[in-house]
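Chemist: My questions all concern the structure below.
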There are 2 protein chains.
Amino acid sequence: MKATPLTVASIVEAAADVADATGFDSVTLSAVARRLGVRSPSLYSHVKDRDALLEGVTVLALTELASRVSVAVAGRAERSALEALADAHRDYARESPGRWDALQRPVGEEAARSAGARDIVALTAAVLRGYPLPESEHVHAVRFIGSTINGYLRIERNGGFAHSRPSADVSWHRIIDALDAALRAWPAPPEGERP
Amino acid sequence: MKATPLTVASIVEAAADVADATGFDSVTLSAVARRLGVRSPSLYSHVKDRDALLEGVTVLALTELASRVSVAVAGRAERSALEALADAHRDYARESPGRWDALQRPVGEEAARSAGARDIVALTAAVLRGYPLPESEHVHAVRFIGSTINGYLRIERNGGFAHSRPSADVSWHRIIDALDAALRAWPAPPEGERP
DNA sequence: GGCAATGCCTAATGGTGTTAGGCATATGAT
DNA sequence: ATCATATGCCTAACACCATTAGGCATTGCC
């Protein structure tokens, strides 16, 4: 008689909603069950354990983020693409803070192999097309961009910029500028790694 | 008859040790009490609650990290200083993973005002002395460096680089190179913010 | 209609954070 | 020296959580 019978997808989505509403740490099986109008042991028919549920949220977030990034960078190049990529991350982190927190956890097998993860890497690499980097440097540049965006958003979210001036918004644009400059002035690879 | 009577410092240190040994998430009042040979309610005479304990670990970690960074960058400049700064972070994250995790949490009042936090910012700013950046850009550059280092270490720690080649170690040096290049080619500030 | 499987349920266990109140030992005053 | 007080850890208790075991009703198939 349930309006919607329990499925792994609906459970994961409920978990993600709980995360956005009350924080990722408060994603408890009880809370998710409550939201679904169900008792917590019932979830175990569909989900192995709490960790598997959180991993599911991670995969969901990767998928959603990949989709946003994909739309954002389409038809753009160079600085415009870089900015769109970064802003897509930032918008997602702001609109779905709980889901975004799910991205900051040890990656399991499922998340590592997920299409979303691969797409985000591929889309980031695509942004590099406009810049004068040898193919062999793309991995490093992708990791560089990812680290900076991720690190900035995390520190901002943790309030690390809240106690100093100027506001985090101002720095955000300067940091995209700096990333852009770094990609243009990308240092030559050392001897052993030149193609 | 206790060898050492309970103090807030000894409790926080025990908590940090638990974090390093078995992970930050497993820093539970019970576990800390066990390690101290004491029952968990006894801790409440010295610590407000679990959150305050974790905040204490954060402050401890900030202090220790500031000390290491301070030693590392002393007597160095430019790329050498930048690399020393980054490596100090990385070494600390590897040797004290639990303590380092304590740095990745919402910063409370105590952590924000702590000497460690201020020192780390100041030391990062000091590294910029060798680079041709106007004073007004230092804030942004400090945030940029911090974001990249932090982001990289977090992703590396979460295994984000484990499923792709080449190894994270190789990229690490390239990313320091890229940071160095970004600081040398630091983009000019926009109209409104020029001194 | 029987029958098995599905899907959620209740009950129970062990771990957690936290509060309330007890009891012994150390400390100070007279 | 004795007594009062305070300190510091204790036990008891509650609510919440993850997880397992086993029950019961509804469903779909023969």
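Chemist: Can you give me the number of residues within segment B:23-36 that are closer than 17 Å to B:ARG99 by Cβ and open to solvent by 80 Å² or more (accessible area, probe 1.4 Å)? Reasoning before the result, please.
Modeler: Within segment B:23-36, the first condition is being closer than 17 Å to B:ARG99 by Cβ, and the residues that meet it are B:23-28, B:31-32, B:35.
Of the ones still in play, those that are also open to solvent by 80 Å² or more (accessible area, probe 1.4 Å) are B:25, B:35.
Looking only at that region, the number is 2.
Chemist: Might you let me know whether segment A:37-52 holds any residue that is more than 18 Å from the chain's Cα centre (by Cα), more than 13 Å from DNA strand D (Cβ to nearest atom) and open to solvent by 20 Å² or more (accessible area, probe 1.4 Å)?
Modeler: yes
Chemist: Might you let me know whether segment B:57-79 holds any residue that is within 15 Å of DNA strand D (Cβ to nearest atom), more than 14 Å from chain A (Cβ to nearest Cβ) and exposed (fewer than 15 other Cβ atoms within 10 Å of the Cβ)? So that I can check it myself, show each step before the final result.
Modeler: Step one: of segment B:57-79, the residues within 15 Å of DNA strand D (Cβ to nearest atom) are none.
The answer is no; no qualifying residue exists.
Chemist: Does B:ASP20 fit the bill of being at pLDDT 95 or above, more than 16 Å from DNA strand C (Cβ to nearest atom), more than 30 Å from A:PRO187 (Cα to Cα) and open to solvent by 30 Å² or more (accessible area, probe 1.4 Å)?
Modeler: Values: at pLDDT 95 or above: yes; more than 16 Å from DNA strand C (Cβ to nearest atom): yes; more than 30 Å from A:PRO187 (Cα to Cα): yes; open to solvent by 30 Å² or more (accessible area, probe 1.4 Å): yes.
So B:ASP20 fits the description; yes.
Chemist: May I ask you to list the residues in segment A:21-52 that are in a helix (DSSP H, G or I) and among the β-branched types (Val, Ile, Thr)? Even if it seems obvious, please write down each step before you answer.
Modeler: Of the residues in segment A:21-52, the ones in a helix (DSSP H, G or I) are A:21-22, A:24-26, A:29-36, A:40-45, A:50-52.
Those that are in a helix (DSSP H, G or I) and among the β-branched types (Val, Ile, Thr): A:THR22, A:VAL32.
Chemist: Quick test for you: out of A:LEU60, A:LEU29, pick the one residue that is in contact with a Lys or Arg (Cβ under 9 Å, 6 or more places away or on another chain), more than 16 Å from DNA strand C (Cβ to nearest atom) and hydrophobic (A, V, I, L, M, F, W, C). Break it down into steps so the answer makes sense when it comes.
Modeler: Details: A:LEU29 fails: more than 16 Å from DNA strand C (Cβ to nearest atom).
From the options A:LEU60, A:LEU29, the qualifying one is A:LEU60.
Chemist: For segment B:149-187: of the residues being surrounded by fewer than 21 Cβ atoms within 10 Å (Cβ to Cβ) and hydroxyl-bearing (Ser, Thr, Tyr), which is nearest to the chain's Cα centre (by Cα)?
Modeler: B:SER167
Chemist: When you scan segment A:65-73, do you find a residue that is without any contact (Cβ under 8 Å) to a residue 40 or more places away in the chain, within 25 Å of B:SER164 (Cα to Cα), out of contact with any Ser or Thr (no Cβ under 8 Å at 6 or more places or on another chain) and in a loop (DSSP other than H, G, I, E, B), even just one?
Modeler: So far as segment A:65-73 goes, no, none of its residues is without any contact (Cβ under 8 Å) to a residue 40 or more places away in the chain, within 25 Å of B:SER164 (Cα to Cα), out of contact with any Ser or Thr (no Cβ under 8 Å at 6 or more places or on another chain) and in a loop (DSSP other than H, G, I, E, B).
Chemist: Working only within segment A:112-148, note down all residues that are at the interface with chain B (Cβ under 8 Å from one of its Cβ atoms), open to solvent by less than 10 Å² (accessible area, probe 1.4 Å) and under 29 Å from B:VAL121 (Cα atoms).
Modeler: Within segment A:112-148, A:HIS140, A:ALA141, A:PHE144, A:SER147, A:THR148 meet the criteria.
The values are calculated or read from the model by the stated rules, or taken from the named source; none is laboratory data. All of these numbers come straight from a predicted model, not from anything done at the bench. No Cβ is skipped: glycine too gets one built from the backbone with ideal geometry, and neighbour counts run over all protein chains shown. Note: areas computed on protein heavy atoms with side chains; ligands, DNA, RNA excluded. Shrake-Rupley method; radii C 1.70, N 1.55, O 1.52, S 1.80 Å.
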